[in-house]
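Quick note: the coordinates plus some simple rules give every number you see, no bench work behind them. Model, not experiment: these values are computed from the prediction. Neighbour counts run over all protein chains shown; Cβ positions are idealised from the backbone, glycine included.
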Amino acid sequence: MTVDVDAVARPAPAYPADRERRGPIPWLLVALVFAAAIVMRQLVPLNTDVSWLLVVAERMLDGQRLYRDMIETNPPMAAFAYLPAAWLARIFGVAPRHVVDAQLLLLAAASLFAVWRMLRLSPTLGRTKSDLLIVWAVAVLTVLPMHVFGQREHMATLAFLPALAAYALRSNREPLPLWAILIAGAGAGITLAFKPYFAVPTALCIISAAIRSRSWRVLFAPENIIAGALVSAASLGTYACYPEYFTIMYPLARDTYLSWSMPASAVLLNSATLIFAVAMALMALSQRKLDGLLLAAIMASIGFAISFVLQRRGWPYHSYPMVALAMLVMGYALLDETGPGARPHRVGTAAALILAATFWLGSRWFDTRIYVGPIEQAVAGLKLHPRLLVLSGEAAIGHPLVHDLGGTWVSRQQSLLIREWVELTRERSSVDAATDARLNDYLALERKWLIEDFKKLPPDIVLIDDLRDGWGDWARADAELSQLLKPYSSVGSVEGIEILRRTE
C-alpha cells in the first residue's frame, strides 16, 4: 500500500542495477565500526543518567510508583525507555547496561536500514555511491556518543532518522508506502515524547518539506498525524496515570532547575557549537545543491541546535542530536560522489583531515565525565551487594557505582539535587519572598524524603560528600540525620568523600 498526500498515483520507481550491488568491502568496514562500538562499550563507563534511569525502571518492575517512590523531573518517557532493558536483563540474568548497549546498537542498525530502504524509493535520493558515507554514518551513531551512549538524546536521534528520510521524500512530492509512514511517524512521535524541545527540529523539517514541495498538504502527511497522536496519547497518559508529575514535579523543576541557566559562554562557545559551525560552513562552501535529504538533515541540525540553546545548560548530552546531524551533513558534503560538483574519485586529504579532526573533537566532547576518585575500589570490599546512600548533590558519585557493585540504591532520588538547585537558583536569579518560601518548602520536602528512605531501608554504606557544599556539616547539624548516622563508623575518605559503614 502506498499513501501520497497529494493523492497522485505514481508507479514505484525501478532500482537501477548500480544501486543493487555493493562489494564486500563496505559491509566489512561497517562490521568493523560496529565491533569498535562494542569494544568502546566495555571501556567507557555507564552514563550516570542511564544508570539512574535503569534503577528507576527496575523499581517500576518491582511495583514502585514513579514520582512517588522514585523522584524524576523528566516526563515518564525517560523512565519507560529503559523498562525493556531492565526487564530483559532480569529474564536473561545479565547486567542491564549490556542490554542497553545491545538495544542501542540494534536500534542504530535498524534505523539506518529503514533510512536506506526509504531512500531507495526515490530515483534521486537513493543514488549515492559512496561507501564511505555509509561507514561514516555508522561511526557517528555508534562510536561518537562515547559517554553519552544510551542517553535519551542518543535514543531520540536514532528514532528520528527515518522521519528525516520521510521528510526528504515528501519534499520531492514522492509517495511513501505504509510501512515507511508507520516507522517515520512512530520515530518522530517517540522523539517528541522525550522532550518538548524536540518539537523545534520536527517543525522545521516539516515546514521546509512543505515549502520545497510547494504543497501545504505535507503539513498534514500521515506520518505527522501519527507523531502528533503518539505525543498526545503520551501527554494524556501522563496526566491520567501520573498526576504527581504536574502537581509536584513540574512546579519543583520550574522553580528550581528551570529558573537558572549556565553562562552564555558555556552554552554558545564549546566543542559542539564549533562542530556545528564547521559543518554548516563546509556545506555552504561546497556549493552543493540542496536535495530533499540534505535539506531535511540541515533543518534537523539547526532545530536541534535551537533546542540545545533553549535548554540553557551547555551539557554534552544535550548537544548530541545537533552534533550528530551536523556531522552527517558534513559527511554528505565531503564524501557523497553524486551531487553537483562532487568529485567521483577518492576522498581528498583535506576532507579526510577535517572529518578526522571533527570526529576526534566530538569524541572528546562526548567523553566528558565528572571525576569522583576511586570510590568503587574503596567500597567494593566492605559489603557484598550493599545498600548504598550518598549525601551529595553530585549524581556521578552514586551512579553507576551502585550498578557496578551490584547494590541497592536506598534514596528515591538520583542525588540530593533539590538542595543543589535551590542554591543555584538563589545565586543566579532574583528571588522574591514568595519564591524563597517555596524554595524552603522544597528543601524541607527533600529532607523528609531522605529521612523516610533512610528509615525504610537502612543503608549498609553511606557516602558523604565533604568536597562539595559541606554535606558532612549539613548532616551533622541536622538532629534527626545525625541520630540516624550514629550506627555508622568512618572507614576512610577518598577524594573528599567520607565512607561510612554500618556497624550495628
Relative packing of peptides 395-408, 147-160 - highest average C-beta neighbours within 10 Å first: 147-160, 395-408
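Of Lys195/Lys455; Lys383/Lys455; Lys448/Lys486; Lys456/Lys486, which pairs sit farther than 26 Å apart, going by alpha carbon to alpha carbon?
Numbers: Lys195/Lys455 35 Å; Lys383/Lys455 19 Å; Lys448/Lys486 19 Å; Lys456/Lys486 16 Å.
Pairs exceeding the cut-off: Lys195/Lys455.
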Computed lengthening from Leu106 to Ile25, 0.36 nm per intervening residue step minus Cα-Cα distance: 27.1 nm
On Cα atoms only, tilt of 433-456 relative to the major axis of the chain in degrees: 70 degrees
Distance in nm between pseudo-label sites at Cys241 and Ile370 (7 Å out along the Cβ direction from Cα): 3.0 nm
Sites Leu88 and Ala233 - FRET efficiency at Förster radius 35 Å, r taken between beta-carbons, to 0.05: 0.90
Residue-count net charge about Ala89 - beta-carbon cut-off 14 Å; Lys, Arg +1, Asp, Glu -1: 0
Label assignment, Kirkwood radius over Cα pairs in Å derived from the structure, set [x] 23.7; [y] 24.5; [z] 27.4: [y]
FRET efficiency for Ser482 and Leu43, using Cβ-Cβ distance with R0 set to 51 Å, rounded to 0.05: 0.75
Principal-axis tilt of helix 152-171 within the chain, Cα atoms, nearest 10 degrees: 20 degrees
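Sort 377-385, 164-172, 271-279, 409-417 by the packing proxy (mean of other Cβ within 10 Å over each peptide's residues), most packed first.
164-172, 409-417, 271-279, 377-385
For a quick protection proxy, order the peptides 40-47, 367-374, 430-437 by their average other-Cβ count within 10 Å, most packed first. Please list the in-between numbers first.
Details: 40-47: 17.1, 367-374: 13.4, 430-437: 10.9.
Output ranking for 40-47, 367-374, 430-437: 40-47, 367-374, 430-437.
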Sequence-distant residues sharing a close amide H with Val494 (under 5 Å, placed H): Ile499
Two-site label geometry, Ser429 and Ile207: point separation in nm, points 7 Å out along Cα→Cβ: 2.7 nm
From phi via Karplus (6.51, -1.76, 1.60), per-residue ³J(HN,Hα) for the range 314-325 in Hz, x at Gly/Pro: x, 6, x, 5, 5, 8, 4, x, 4, 5, 4, 5
